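Working notes, structure below.
None of the figures in this text is laboratory data; all of them are computed from the coordinates on show. Note that the structure is predicted; figures quoted are calculated from it, not measured. No Cβ is skipped: glycine too gets one built from the backbone with ideal geometry, and neighbour counts run over all protein chains shown.
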Amino acid sequence: KSDHTASWVLVDGYPFRADWQRHVGAQTPLVAIDDLASFQQVADVVVNQNIGFEATRYRFATGHHGRILVGAPFVLLRSELRAAPASRSTAQPRRVLVTFGGADFGGWTQPVAEALLQQLPRDVGVDVLLGPGATASTAAALEAHAQAETRLSLHRSLAAVAPWMDGATLAVCAAGSTCWELLARGVVPIAVPLADNQRAVSQGLVTHDAGVVVGWHADIDAAALANAAATMLGNL
């Protein structure tokens, strides 16, 4: 029995399955954040922010009347990203934003940044957002590269990302929730799905012509992403 006094409990994670939800939900109303519909939900509210996801994929226990909130109206955005982005000037320098999450487990940031510098025109800058979980070797390599190449700017463990998104012409990123943040700021993402739970995001981007998905991470490389960015810049 819990002694907490919360009005609601919100949970986000695949280990929190039906038995756990049932136990906690018996004491306090429960909201579950999900993006796979890979197991039965018994939460009072299920939030899946992925565009184009079919709510009918969710299975509920017999007699359960949980509410399902699916799609763009329920995208989870931090307060800094909910404000209207600043207007863009056609004279604004073109910049490509690179971000692969807080830890970049796939090690994509460095090779993508280097490939972009090789393939993009010399007047296009590259901003790299590096999260706190990035390896020391990745951070050191990017810092050295930024010192040698003025087109590359490295930004580490930022408390606010909206200014860098607002300054981007387009972005290269993992196909996670960052895509919805970028779209909220008016930036087109070139995304690569790095895990199964990012396939739904990728499909939503493609179906709604909201971004570019070059391919599954195991089937492409950094050069393919840089080429897609160069092609898109040439068409803008």
**Q.** Where labels lie 7 Å past Cα in the beta-carbon direction, separation of residue 11 and residue 160 in nm
**A.** 3.6 nm
Q) Rg and Dmax of the stretch 8-82, Cα atoms, in Å? A) 12.3, 40
**Q.** Environment charge of residue 229, counting only residues whose C-beta is closer than 15 Å and scoring Lys/Arg +1, Asp/Glu -1
**A.** 0
Q. Under a Cβ-Cβ cut-off of 9 Å, what is the net charge of the residues other than residue 169 that fall near it, where Lys and Arg count +1 and Asp and Glu count -1?
A. +3
(Q) Along each principal axis of its Cα atoms, how long is the chain end to end? Whole angstroms, biggest number first, please. (A) 61, 36, 36
(Q) Over the stretch 45-126, what portion of Cα pair distances is larger than 20 Å, expressed as a whole percent? (A) 64 percent
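Provide the convex hull volume over Cα atoms per residue for the stretch 89-166, in Å³. Kindly include the intermediate steps, with their values, before the conclusion.
Values: hull volume 6.8 nm³, N = 78.
Hull volume normalised by residue count: 87 Å³.
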